[in-house]
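The values are calculated or read from the model by the stated rules, or taken from the named source; none is laboratory data. Please read all numbers here as calculations on a predicted model, not as lab measurements. As a convention, Cβ positions derive from the backbone with ideal geometry for all residues, glycine included, and neighbour counts pool all protein chains shown. Just so you know, the surface numbers come from the protein's heavy atoms only, side chains and all, with ligands and any DNA or RNA stripped out. Shrake-Rupley method; radii C 1.70, N 1.55, O 1.52, S 1.80 Å.
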Amino acid sequence: METILYDTQTFCPICTIINRKGLILKAAIVVSRDDKVYLKCCCEQNHSKQFETLYCSSLKFFKRILSFDPIIGNKFSAIKDIESMGKYNDGNNQIKVSKNPTISNFVLEFSIFQNLTFLSDDEIKFNIQQFQTFYPKNKKFVLKVIARGSNNINGINDKVKYISSLLKGYPILLEVTLERLNEIGKLSNSCLLGTKVYPAVKYYLKQGDELIFIKEINQLLNVLREYSDMQCVVTVALERKFANLTEVLKLLRKSNDVIRFIILSLERPPKQLVETLTIYNNNNNNNNNNNNNNNNNNNNNNNNNNNNSSNNNNSNINNLNSNNNNNNINNEENNEDLICNINDPFELIKEIEKSTDGSINGDDFYPLNVGQALEPMLNMMGYGLYSIKPSSYCSFATCLVNTKSIESRPINRLLNIGKLYYDLLPLLPELEEKIGFFNGLKLKSILKSCNIPGVQLPNLFDYLTDRSKSEITRKVIDQTQILIIHNNMDLASLDLKRRCNCSVETKIKDGFISSCTGCI
């Protein structure tokens, strides 16, 4: 039995990728069935059956994560229409690129190398000034700089240094390949020497390449450790079947002196997506042909009975029908395990639990938008005020705390993160500018009430507000890592309701698109 959890819109993978009909939004539903969750495209075209993707193999995890969602929430039976739909839709279901980033945007992705050449300084300056106009004066954003296609190390380095001179006080991530990052790190005038310029690397890790990954990451760490107070972002892009993460995670977790963010990005390679969609489509077409054959055979069977034909003929026809039915069942079973039909982040979470011997498990992850509860505290500590409000199902995170007595322990085993979020939520509008005396008392009481029974913790409020303790607090924060699972959407698994709260968008000529789908 299926239960509809909420309505959304998506692209039909068959129409979009196989039949190449363009990016046309179709009605879709997210449903639960047999304790699992599926995204189903309700395309009006005749594809023999609705295309569905395994969205989450744990209904319990899905409901817990979405209970923190500002749009969907936990009221599964009464979901509002998709907000601000007009900016994605031109009235004919055709995609219309948004001119501005969404209000929940945390990271802007900016390519400095376009059409085989670097942007000029004037073009860069215009874009940077435009980005700043999208945000209130009291709020900041993270700028991710990319230069895909360029091998000009000095050119990349000079452009990032120029951006750093324009965007003072804002964090700048430089994401390039591991090889290029090594070279930039070795330059005597490296942009990484600049204030708030941080290296970021994305590594596509396939099964069997684990030792190569460890060797190359260690080489990068040796370069970055030549800098003082360096903080790095490492994104590991993973596909099914997953690489063995045991030694990979062990290395990343123990490198907390340099690696601040560990992002495990769940991705489906475009080539495999197309190949498996083709297989899926062929299997369905074969099922249709088998069903047509069954109907023809049944008609023949009826005619034979009417004409008193031999029992042998009836037996042969029945055997043929049975074979066709078996083929249909086999095709459907084969479809269930195709990459195009699976985009399940919980599968990765179970892999992490296995690889860490349970030191990190599914209960340790909360949606990244829970981080909005920390916005005022980050501002208090001088990091600035950011908008940390992505869609709940787009990314899940846990803080890995490191102290003299604690090693890489998920923060929710020390503090009740869910309670902290819900208790702080009503206070957030008042805390945005300043804490104040009475709100300070409320905040202190909330933090104390969120202690886990049996876990000894100091007075966290004092460590956040007392200047005499600021050095100790900063040391703890500088040793803390944030482990994030990025649950990517692609052309075959778009959930437009999630897109409404996209937190990482890419600047293109006509506006801003989601960095994961690359199209809307």
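Worth a mention:
- Among 201-208, 117-124, 177-184, the order from most to least packed when residues are scored by Cβ within 10 Å on average: 177-184, 201-208, 117-124
- Extension gain for the segment D478 to I452, taken as residue separation times 0.36 nm less the Cα-Cα distance, is 7.1 nm to one decimal.
- Linear extension gain, R225 paired with T246, 0.36 nm per residue minus alpha-carbon span: 5.2 nm
- Distance in nm between pseudo-label sites at L211 and K354 (7 Å out along the Cβ direction from Cα): 2.2
- Within the same chain, lysines fewer than 8 places from K404 are excluded, and of the rest, those with a Cα less than 23 Å from its Cα are K250, K254, K448, K469, K475.
- Stretching C42 away from V97 to a fully extended chain increases their span by 17.5 nm, per 0.36 nm per residue minus the current alpha-carbon distance.
- Nearby lysines by direct alpha-carbon distance to K26 (threshold 19 angstrom, same-chain neighbours under 8 apart not counted): K40, K49, K80, K87, K96, K497
- Antiparallel %, DSSP beta bridges [both residues in region 105-233], to 5: 10
- Counting only protein heavy atoms and a 1.4 Å probe, region 473-520 has 30 square angstrom of accessible area per residue.
- Once the C-beta distance of K509 and F438 is scaled by a Förster radius of 51 Å, the resulting FRET efficiency is 0.55 to the nearest 0.05.
- Working from label points 7 Å from Cα in the Cα-to-Cβ sense, the Q272 to T195 distance is 4.5 nm.
- Per residue, the solvent-accessible area of region 183-289 (1.4 Å probe, heavy atoms of protein chains only, all protein chains present) comes to 47 Å².
- Exposure check, 1.4 Å probe, all protein chains in place: V31 carries approximately 0 Å² of accessible surface.
- Simple point charges give the picture: +1 on the Cβ of Lys and Arg, -1 on the Cβ of Asp and Glu, and for region 109-162 a dipole about the Cα centre of about 320 debye.
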